[in-house]
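Visitor: Questions regarding the structure given below will be posed in turn.
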């Protein structure tokens, strides 16, 4: 029942147990209006200003389905190779919660709009790229709840709070919930497959243009289900559901943590409690939420205020025809266009940088320079701060501009890193950072010449070697000049000046 | 000399307004005086909005003076059942839990009444959340039947029916989930129509059972009902279940029906809705009315709808299931009553919800919430809710088969005349049985009307005659209803209802 203090080492755990994973991903659609009323579906408005009798659940109010949300749901379903229901209904999911205006959520139950799909995700491993097929059980439409803010207390949760505030602006925002079938047989790669799936799903959703799909803003919310069963048994164990894991990286970390935690309990002869767990980004652990047992009975029944949704086959085919290029086809096209090696391509995809590189190239940077910045400099910084590349406060436009500054000779690679610092710190655009930090390369021969003379004077041995024709030794002098100029010099010009003086 | 204003039909009042004989302000004042005089005894109203009604009446008179009336009924006052949201006016649904709530919006029906220029006199009493057949389940005290103040006015819309019967309003809006317009109509000697499901918008109707509820007219004449039906009916984008096609020509049908030519009309008598369990005086008036229709040229066929025997059971699964979910929103978080639990230091949201729902709901409401919650529970859903939905399908098939053989179906509206207040309060099942003839129409979504058929011999109380038609053929109700009304009034020498006849002591004539 209780969490053991000792976790089992991940690899050791997987020697004894097979993990099975399942992902439930909620996608907040970017429709202009809410799922069942005409209120604007906007982010960040003053609390309770984007509401009406329907999304407040006032007595007598009734829902009416947002046709654009249905269209988005069908497009997502098609992109995931799902069947699209010829006829389906909404259902009420009944439970009491203060941020749910009607005390039931209008959702779909046994008649989802899309079902029986699949999608292939690629996982980068030491041995190369492996493709896993993730089966999609269903994708269904539902409405979001309001948002509670618990004031006072220490945990920010409802228990122990002095009072709670509820903002109903979010109530009724359209959501698509995408549920996978159990992902089995991935072994120690299961957490990586889960991460790759969520990243892949995000690419797909962004490609469809149906959501902003930003995990850090809650447009894309993943619940990670995981269970362990004795290795080779072919059975499914009791699962836990870790809620609202809000980055790709956390999906993998949370899964790995649950493997270690559950293995420790099982090895000690305990049993796993079926429950909801909370992910803690800072400490990297999950903690017990509420128990989720058979006692939870949502008393689903068809929503009597709505008529069935029956998309015609003609409409579905029209929507299928508008689907963007599937991710795999897109990858091979881009690899060819960019001239990347397999390894380069794999790294780019693995880092979740494909779309970012594509956009950076579209902004004028060369594919190799775009790849270089995103996969080295920016990947390192994302890793340091524990965020995803896409969530960094810098975009393809900025990266392309920094590369342009390098190409124009205004800065060098070393200065470019400082420009990245500035942009990431919110100091403005690359040009603004160059100006405010005074980062332009010095190529004025007067100042450089003096520095070169001083370097030659201070390093007579090196100078002598160069005079003897050992031009390779010039590196030491260049280093000295660059140091004096604090890096703000054009290294090529420095070399020229040294060779001029010593030949 | 013409009849006093309050005793005239809405159609006659519209004529009087159009001819300039009277004004809407004068009319509205007359009804407000009548309410002041008799409603202490009848208790048809929960809230009277004299100020709002008179303001609307003045605006109506200005339109009439300018020659731009908003509708035929512009200026004719109306009463509205307290289950429909009225912007700024209390809307309690007969429940403590909504005491003091003033909606920020109008139900579509109310918006259409206002757009057509009908001043709203006030909100009428009802069984709490429309759960009952006697209006005794109102948290604000029962309504009394104007024919005999010791008797029930029917329910749940007893307030609307009693208001119209007592001449406190010429027109009223009711809602009918299992008979709540038709049965009160029957026991108060008034006309009540449940339109085809989807014929009148439910937006703003506080739902008891969404798949059964339907708002409709409560009036003293069939033509008045048609006129009101035309004002409130038709498609509404805010109600996805409303029918997106033109309303049938109900007013034309009512006028044509009054010509009393029923040649070629096939009238089906439903074997399952009559005979045993029906009060002899009720059955007698029904049989006589059928005879009149035959004399007017109608052909009678006997039809059987065997699934109707399961209607009551199915209804008491579907209705509480939907109600249990609908009523979940009354949780003290956003509006209405809020009760803090006693002896709890810092109550949680759940504590407050529990205390409020315990104090705010009456026993009948709690009974149905428990029934519905149980019926929807996992493991029971298929046996209860699922089976009930299958029964609905069977009932719809019975109707379809019967309408192959008959253009309309007829039955007594209610098995008995008005019973005494308190008589069935301790016996819910006996109370439920009162709706046995009206419920099948709700389960199948077909329209029905109740028209007065005379007084039962044994108790001199009104009997209702029900006509049912296929979905979207509401015009047939009006044709047959108006014909029967004309034939009966020829016999009676005038309308069944007259102000003198009622057991009401008033101060008005003083």
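Visitor: Please go through the range B:376-386 and give me each residue that is surrounded by fewer than 21 Cβ atoms within 10 Å (Cβ to Cβ) and touching a helix residue (DSSP H, G or I) at 6+ places or on another chain (Cβ under 8 Å), ordered by number. Show your work before the answer.
Guide: Our first condition is that a residue be surrounded by fewer than 21 Cβ atoms within 10 Å (Cβ to Cβ); within the range B:376-386, this holds for B:377-383, B:386.
If the condition is that a residue be surrounded by fewer than 21 Cβ atoms within 10 Å (Cβ to Cβ) and touching a helix residue (DSSP H, G or I) at 6+ places or on another chain (Cβ under 8 Å), then B:380, B:381 are the ones that fit.
Visitor: From the list A:454, A:493, pick out the single residue that is outside the structural domain of residue A:407 (by TED's automatic domain parsing) and either in a loop (DSSP other than H, G, I, E, B) or under 43 Å from the mean Cα position of the chain (by Cα) (or both). Break it down into steps so the answer makes sense when it comes.
Guide: Values: A:454 fails: either in a loop (DSSP other than H, G, I, E, B) or under 43 Å from the mean Cα position of the chain (by Cα) (or both).
After applying the criteria, what remains is A:493.
Visitor: List the strands (runs of 3 or more DSSP E) that sit entirely inside the range A:41-141 and contain at least 1 residues that are within 24 Å of residue B:93 (Cα to Cα) and assigned by TED's automatic domain parsing to the domain that holds residue A:203. Walk me through it before giving the result.
Guide: Values: elements: A:91-94, A:104-107, A:114-125.
In the range A:41-141, the matching strands (runs of 3 or more DSSP E) lie at A:91-94, A:104-107.
Visitor: Could you tell me whether residue B:84 is within 22 Å of residue B:233 (Cα to Cα), within 11 Å of chain A (Cβ to nearest Cβ), touching a helix residue (DSSP H, G or I) at 6+ places or on another chain (Cβ under 6 Å) and at pLDDT 95 or above? Can you show your working first?
Guide: Values: within 22 Å of residue B:233 (Cα to Cα): yes; within 11 Å of chain A (Cβ to nearest Cβ): yes; touching a helix residue (DSSP H, G or I) at 6+ places or on another chain (Cβ under 6 Å): yes; at pLDDT 95 or above: yes.
Judged against the criteria, residue B:84 is a match.
Visitor: Shifting gears a bit: Restricting to helices (runs of 4 or more DSSP H) lying wholly in the range A:339-379: which have 2 or more residues that are more than 17 Å from residue A:123 (Cα to Cα)?
Guide: Details: elements: A:342-350, A:354-362, A:367-372.
Hits in the range A:339-379: A:354-362, A:367-372.
Visitor: On the given criteria, is residue A:25 over 11 Å from residue A:174 (Cβ atoms) and outside any loop (DSSP other than H, G, I, E, B)? Even if it seems obvious, please write down each step before you answer.
Guide: On the way: over 11 Å from residue A:174 (Cβ atoms): yes; outside any loop (DSSP other than H, G, I, E, B): yes.
Answer is yes for this residue.
Visitor: Moving on. Residues B:229, B:310: which one is farther than 17 Å from residue B:468 by Cα, crowded, with 17+ Cβ neighbours inside 10 Å, in contact (Cβ under 8 Å) with a residue 60 or more places away in the chain and touching a helix residue (DSSP H, G or I) at 6+ places or on another chain (Cβ under 6 Å)? Steps first, answer last, please.
Guide: Details: B:229 fails: farther than 17 Å from residue B:468 by Cα.
Result of the check over B:229, B:310: B:310.
Visitor: If residue B:269 satisfies all but one of (1) touching a helix residue (DSSP H, G or I) at 6+ places or on another chain (Cβ under 8 Å); (2) over 30 Å from residue B:111 (Cα atoms); (3) assigned to a helix (DSSP H, G or I), what's the number of the condition it fails?
Guide: (3)
Visitor: Out of everything in the range A:28-40 that is in a loop (DSSP other than H, G, I, E, B) and under 19 Å from the mean Cα position of the chain (by Cα), what residue ends up being surrounded by the most Cβ atoms within 10 Å (Cβ to Cβ)?
Guide: The first filter runs over the range A:28-40 and keeps only residues in a loop (DSSP other than H, G, I, E, B), leaving A:29-32, A:34-39.
So of that shortlist, the ones also under 19 Å from the mean Cα position of the chain (by Cα) come out as A:29-30.
On the way: A:29: 26, A:30: 19.
That would be A:29.
Visitor: Please enumerate the residues belonging to the range B:236-270 that are under 21 Å from residue B:203 (Cα atoms) and buried (at least 17 other Cβ atoms within 10 Å of the Cβ).
Guide: Step one: of the range B:236-270, the residues under 21 Å from residue B:203 (Cα atoms) are B:236-248.
B:236, B:238, B:239, B:240, B:241, B:242, B:243, B:247, B:248 - these are the residues of the range B:236-270 that are under 21 Å from residue B:203 (Cα atoms) and buried (at least 17 other Cβ atoms within 10 Å of the Cβ).
Visitor: Going through the range A:321-330 one residue at a time, which ones are at pLDDT 85 or above and either under 18 Å from the mean Cα position of the chain (by Cα) or not in a helix (DSSP H, G or I) (or both)?
Guide: To start, the set of residues in the range A:321-330 that are at pLDDT 85 or above comprises A:321-325, A:330.
Once the filter is applied, which keeps residues that are at pLDDT 85 or above and either under 18 Å from the mean Cα position of the chain (by Cα) or not in a helix (DSSP H, G or I) (or both), the range A:321-330 yields A:322, A:323, A:324, A:325.
Visitor: What number of residues within the range B:342-359 satisfy the criterion of being more than 20 Å from residue A:95 (Cβ to Cβ) and within 14 Å of chain A (Cβ to nearest Cβ)?
Guide: Result for the range B:342-359: 2.
Visitor: A follow-up question, please. Where residues in the range B:360-375 are within 11 Å of chain A (Cβ to nearest Cβ) and buried (at least 21 other Cβ atoms within 10 Å of the Cβ), which of them is nearest to residue B:431 (Cα to Cα)?
Guide: Pass one, the range B:360-375, residues within 11 Å of chain A (Cβ to nearest Cβ): B:372-375.
Then keep just the ones that are buried (at least 21 other Cβ atoms within 10 Å of the Cβ); that gives B:372, B:375.
Values: B:372: 18, B:375: 21 Å.
Selected residue: B:372.
Visitor: Kindly indicate the residue of the range B:201-239 that is in a strand (DSSP E or B) and within 13 Å of another protein chain (Cβ to nearest Cβ) and also nearest to the chain's Cα centre (by Cα) among those meeting that condition.
Guide: Step one: filter the range B:201-239 for residues in a strand (DSSP E or B), giving B:205, B:215-219, B:233.
In the following step, the residues that additionally are within 13 Å of another protein chain (Cβ to nearest Cβ) were identified as B:205, B:215.
On the way: B:205: 13, B:215: 7 Å.
That would be B:215.
Visitor: Please go through the range A:101-122 and pick out each residue that is touching a helix residue (DSSP H, G or I) at 6+ places or on another chain (Cβ under 9 Å) and either on the phi > 0 side of the Ramachandran plot or facing chain B (nearest Cβ under 10 Å) (or both).
Guide: So in the range A:101-122, the residues touching a helix residue (DSSP H, G or I) at 6+ places or on another chain (Cβ under 9 Å) come out as A:101-104, A:112-115, A:117, A:119-122.
Across the range A:101-122, the qualifying residues are A:101, A:102, A:103, A:104.
Visitor: Take residue B:80 and decide whether it is closer than 22 Å to residue B:218 by Cβ and surrounded by fewer than 24 Cβ atoms within 10 Å (Cβ to Cβ). Talk me through it step by step, then tell me what you get.
Guide: Numbers: closer than 22 Å to residue B:218 by Cβ: yes; surrounded by fewer than 24 Cβ atoms within 10 Å (Cβ to Cβ): no.
Spelling it out, it is not the case that residue B:80 is closer than 22 Å to residue B:218 by Cβ and surrounded by fewer than 24 Cβ atoms within 10 Å (Cβ to Cβ).
Visitor: Select from the range B:114-153 the residues that are within 15 Å of residue B:190 (Cα to Cα), in a loop (DSSP other than H, G, I, E, B) and in contact with a strand residue (DSSP E or B) (Cβ under 8 Å, 6 or more places away or on another chain) and list them in ascending order. Give the derivation first.
Guide: Keep residues of the range B:114-153 that are within 15 Å of residue B:190 (Cα to Cα), which gives B:144-148, B:152-153.
Now narrow it down to the ones that are in a loop (DSSP other than H, G, I, E, B): B:144, B:146-147, B:152-153.
Hits for the range B:114-153 are B:144, B:147, B:152, B:153.
Visitor: For residue A:11, all conditions in the list (1) under 25 Å from residue A:219 (Cα atoms); (2) in contact with a helix residue (DSSP H, G or I) (Cβ under 8 Å, 6 or more places away or on another chain) hold save one; what is the number of the exception?
Guide: (1)
Visitor: Name the one entry in A:347, A:398, A:342 that is over 29 Å from residue A:80 (Cβ atoms) and either in contact (Cβ under 8 Å) with a residue 12 or more places away in the chain or not assigned by TED's automatic domain parsing to the domain that holds residue A:205 (or both).
Guide: On the way: A:347 fails: over 29 Å from residue A:80 (Cβ atoms); A:342 fails: over 29 Å from residue A:80 (Cβ atoms).
Matching residue, one of A:347, A:398, A:342: A:398.
Visitor: Yes or no: residue A:382 without any contact (Cβ under 8 Å) to a residue 12 or more places away in the chain, crowded, with 18+ Cβ neighbours inside 10 Å and within 25 Å of residue A:192 (Cα to Cα)? Steps first, please.
Guide: Working: without any contact (Cβ under 8 Å) to a residue 12 or more places away in the chain: yes; crowded, with 18+ Cβ neighbours inside 10 Å: yes; within 25 Å of residue A:192 (Cα to Cα): yes.
Spelling it out, residue A:382 is indeed without any contact (Cβ under 8 Å) to a residue 12 or more places away in the chain, crowded, with 18+ Cβ neighbours inside 10 Å and within 25 Å of residue A:192 (Cα to Cα).
Visitor: Show me the strands (runs of 3 or more DSSP E) entirely contained within the range A:163-280 in which 1 or more residues are closer than 26 Å to residue A:12 by Cα and in contact with a strand residue (DSSP E or B) (Cβ under 9 Å, 6 or more places away or on another chain). Step through it out loud before you land on a result.
Guide: Numbers: elements: A:163-167, A:174-180, A:220-230, A:240-245, A:275-280.
Ranges flagged: A:220-230, A:240-245, A:275-280.
Visitor: Testing residue B:351 on (1) assigned to a helix (DSSP H, G or I); (2) touching a helix residue (DSSP H, G or I) at 6+ places or on another chain (Cβ under 7 Å); (3) over 22 Å from residue B:207 (Cβ atoms), one condition comes back false. Which one is that?
Guide: Unmet condition: (2).
Visitor: Mind telling me which of the residues A:276, A:287 ends up being loosely packed, with under 13 Cβ neighbours inside 10 Å and assigned by TED's automatic domain parsing to the domain that holds residue A:218? Before the answer, list the steps.
Guide: Numbers: A:276 fails: loosely packed, with under 13 Cβ neighbours inside 10 Å.
Selected residue: A:287, the only one of A:276, A:287 that is loosely packed, with under 13 Cβ neighbours inside 10 Å and assigned by TED's automatic domain parsing to the domain that holds residue A:218.
Table: residues versus (1) farther than 23 Å from residue B:487 by Cβ; (2) away from chain A (no Cβ under 14 Å).
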| site | (1), (2) |
| --- | --- |
| B:377 | yes, no |
| B:388 | yes, no |
| B:391 | yes, yes |
| B:406 | no, yes |
| B:439 | yes, yes |
| B:448 | no, yes |
| B:461 | no, yes |
| B:467 | no, yes |
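Visitor: Report yes if some residue within the range B:328-337 is part of a helix (DSSP H, G or I) and either away from every other protein chain (no Cβ under 13 Å) or closer than 22 Å to residue B:205 by Cβ (or both); otherwise report no. Talk me through it step by step, then tell me what you get.
Guide: Keep residues of the range B:328-337 that are part of a helix (DSSP H, G or I), which gives B:328-329.
This time we only want the ones that are either away from every other protein chain (no Cβ under 13 Å) or closer than 22 Å to residue B:205 by Cβ (or both), so: B:328-329.
Looking for residues that are part of a helix (DSSP H, G or I) and either away from every other protein chain (no Cβ under 13 Å) or closer than 22 Å to residue B:205 by Cβ (or both), one finds at least one in the range B:328-337, hence yes.
The values are calculated or read from the model by the stated rules, or taken from the named source; none is laboratory data. Given the structure is predicted, the values throughout are model-derived calculations rather than measurements. Every residue, glycine among them, receives a Cβ derived from its backbone with ideal geometry; neighbour counts consider all protein chains shown.
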